[in-house]
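A short worksheet on the structure shown next.
Just so it is clear, none of the values below were taken in a lab; they were calculated from the coordinates. Source: prediction; values computed, not measured. Positions of Cβ are backbone-derived with ideal geometry, glycine not excepted, and every protein chain shown enters the neighbour counts.
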């Protein structure tokens with residue numbers, strides 16, 4: 001069994017919600033709702049990975065390095081802003 005099966009399942013859920021958002025693009029309220037759900041679900045993927053990392057030797061250090069790299073990417077910073085705005 002993959003040590004990240006829970007995170008993988010949640011990522012599949014995110015794909016489902018993102019497709020629903022794309023399908024509703026022409027209906028702004030529906031699109032916003034589905035995009036919000038997608039963003040919230042993506043956060044659960046992060047939390048799940050963080051909770052599972054202790055089961056993989058060396059994962060914590062690798063994950064921290066990846067997190068730092070991702071924080072330097074403009075698109076990821078944009079998603080962080082979206083996440084922060086979605087909490088308001």
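Here are some notes:
- Top of 12, 34, 73 by mean-square fluctuation, Gaussian network on the chain, Cα under 10 Å: 73
- Fewest-first sequence of 46, 38 by Cβ atoms within 10 Å of each Cβ: 46, 38
- Per residue of the chain, the DSSP helices (runs of n ≥ 4 H) give a summed -39500 (n - 2.57) that works out to -27000 deg cm²/dmol at 222 nm.
- Residue order for 18, 62, fewest other beta carbons within 10 angstrom first, comes to 62, 18.
- Most mobile of 30, 72, 13 in a GNM of the chain (Cα contacts under 10 Å): 72
- Result for the chain in a Gaussian network model with C-alpha springs under 10 Å: among 68, 19, 53, the largest mean-square fluctuation is at 68.
- Virtual spin-label span in nm between residue 73 and residue 5, 7 Å along Cα→Cβ: 2.8
- FRET efficiency, residue 33 to residue 64 (Cβ-Cβ, R0 30 Å, nearest 0.05): 0.35
- Which label in (i) 130; (ii) 96; (iii) 182 gives the computed volume of the Cα convex hull per residue in Å³: (ii)
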